[in-house]
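Accompanying notes for the structure given below.
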Amino acid sequence: MKVLVVGSGAREHAICWKLKQSSKVSKLYCAPGNAGISQIAECLDIKADDLNKLVKFSLDSRIDMVVVGPEAPLVAGLVDMLNEKGIKAFGPLKAGAKFEGSKSYSKDFMKKYSIPSARYEVYTSSEKAIGDLDKFNTPIVVKADGLAAGKGVLICESKKEAEEAIKSIMDKKLFGDAGNTVVIEEFLRGTEASLLCFVDGKNMISMESARDYKKAYDDDKGLNTGGMGCFSPNTIFNEELNQYIKEYILDRTMKGFLNEGIIFKGVLFIGLMIENNRAKVLEYNTRFGDPETEVVLPRLKSDLIDIMQKCIEGNLSEDDLVWDDNKCVTVVLASGGYPESYEKGKEITGLNDVDDDIIIFHGGTKISGDKTLTDGGRVLALTAMGRTLEEARNKVYKNITKVHFDKIQYRTDIAKI
Ligand code: AMP
Ligand code: GLY
């Protein structure tokens, strides 16, 4: 099969790395890819949001399956466009991607299908939103409705702060049109967990769980980021909680999809807040997570292309997913300053000095002559497996010191439990 992966981060590197292991994949392309991906796939000079070019390339090159990594092309309808031309794609149609593209849509869906989630209100006027703040206890969570590159959630300690947040999102357009509507939510306490599920239109089958570290610095200090590290499986899960999540969240979500006539095929990533062995949904994403993918796919023993094909055909079963009992840890090496402003173009050295059992997934990197340069906020994700989380964690941290670039920034407490 000829496969095209769309995207350029460590998530897409992990997807390419896993697909490359399949004997069924004869040719792998990635658009646009990065320095690491270029070692295992042919990278194309097509951006992930250039839908027309992606469709044209897929048609011209007779691509058998397009795998869409990031949310933006899904929300923009890339899979719909590909399917119209008869090209198979892994990822939801626009109607399914709306669960990530609009928080108010998701919240209304959760309410309709009694899926546990934070109490909320939706506003299209800043005046009305500010006027209603007394309905909420602090901290107050203010969310831009649309896509905002993971930055659209502001947690406000006071009503004054919430008022400022509403004004900057709705009136000053901090996140552009994504903030024309806001969702205001009660603040949930607890521990976060990421649960990614394969969905085949009829069945939702969860992958092994993961724990993401969203804050920039150790001890969860600093701003929210796309994710600074991750481990799998997440130690918070147990039989009772799994049963609760299946019954109240997975089954009800799937029932809702079917009831609404939404044929969801691809990955549904459910962000959870867990407290007292009960879970509430923070958000739905309609794609693989980053860095969740970097710890989940290395633990998947089954052939990923088979699973993706079965999702598209609508005949995935639990038995198709076989997992490695070993634990996995990834630590993100970021550019100094991330998630705020940072510099690019720093030379990365030491990539060949790491131990053989370390997987380096590239995020924001590019090749320049014979050098590898930084080219984004999250630059690399160093990953290791181990019999225990501690073993995996120690392997990663032992090797991190071998990789260098100017103003490197990473957390030292990933998977420290
Ligand atoms: P979201 O994009 O909705 O997942 O929000 C991004 C992050 O904001 C989440 O991973 C949480 O850390 C935090 N967050 C979102 N909603 C809430 C909430 N209702 N209560 C507490 N934290 C939240
Ligand atoms: N790691 C969180 C995300 O991919 O949205």
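Figures for the structure shown
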| item | result |
| --- | --- |
| Relative exposure of Met81, Met1, judged by other C-beta atoms within 10 Å (fewest first) | Met1, Met81 |
| Gained length - Ala95 relative to Lys173, 0.36 nm times residue gap less alpha-carbon distance | 25.6 nm |
| The chain: calculated mean residue ellipticity at 222 nm from DSSP helix runs of at least 4, using -39500 (n - 2.57) | -7000 deg cm²/dmol |
| Inter-site label distance for Glu240 and Lys416 at 7 Å from Cα along Cβ, in nm | 3.1 |
| Kirkwood hydrodynamic radius over Cα pairs of the stretch 346-395, then Stokes diffusion coefficient at 10 °C and 1.306 mPa s, in µm²/s | 132 |
| Distance from the stretch 36-86 to the stretch 357-417 (C-alpha centre basis), Å | 28 |
| Sites Lys135 and Thr191 - FRET efficiency at Förster radius 22 Å, r taken between beta-carbons, to 0.05 | 0.25 |
| Size of charge dipole - the chain - debye, nearest 20, with Cβ of Lys, Arg +1 and Asp, Glu -1, no other charges | 440 |
| 17 Å Cα-Cα reach of Lys265 towards lysines, excluding residues that sit fewer than 8 places from it in its own chain | Lys88, Lys94, Lys98, Lys202, Lys255, Lys310 |
| Set of aspartates and glutamates near Lys24 by C-alpha distance (under 12 Å), chain-local residues within fewer than 8 positions excluded | Asp64, Asp303, Asp306 |
| The stretch 307-390 - Kirkwood radius from inverse mean 1/r over Cα pairs (Å) | 15.6 |
| Kirkwood hydrodynamic radius of the chain, from inverse mean 1/r over distinct Cα pairs, in Å | 21.8 |
| Cross-link reach list, lysines versus Lys20, counting only Cα pairs under 16 Å and skipping chain neighbours closer than eight places | Lys2, Lys301 |
| Difference of contour (0.36 nm per residue) and Cα-Cα distance, Glu42 to Asp320 | 97.2 nm |
| Cβ-based charge dipole, the stretch 1-91, positive-most Cα from Pro32, Ser8, Cys43 | Cys43 |
| Highest average packing first - 270-277, 318-325, Cβ atoms within 10 Å | 270-277, 318-325 |
| Per residue convex hull volume, Cα atoms of the stretch 8-75, in Å³ | 82 |
| Among Thr293, Ile348, Gly337 - extreme Cα towards positive end, dipole of the stretch 259-417, charges at beta-carbon | Gly337 |
| Alpha-carbon Rg/Rh ratio, for the stretch 118-162, with Rh computed the Kirkwood way | 0.94 |
| Given Lys327/Lys398; Lys47/Lys366; Lys18/Lys53, the pairs whose alpha carbons are separated by over 20 Å | Lys18/Lys53 |
| Compactness relative to 2.2 N^0.38 Å, alpha carbon Rg of the stretch 262-405 | 1.23 |
| Dipole-positive endmost among Ala76, Gln21, Met308 within the chain (Cβ charges, Cα centre) | Ala76 |
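Only the coordinates and a few stated rules stand behind these numbers; no lab work does. Fair warning: this is a prediction, and the values are worked out from it, not measured in the lab. Here the Cβ is made from the backbone with ideal geometry for all residues, glycine too, and neighbour counts use every protein chain on show.
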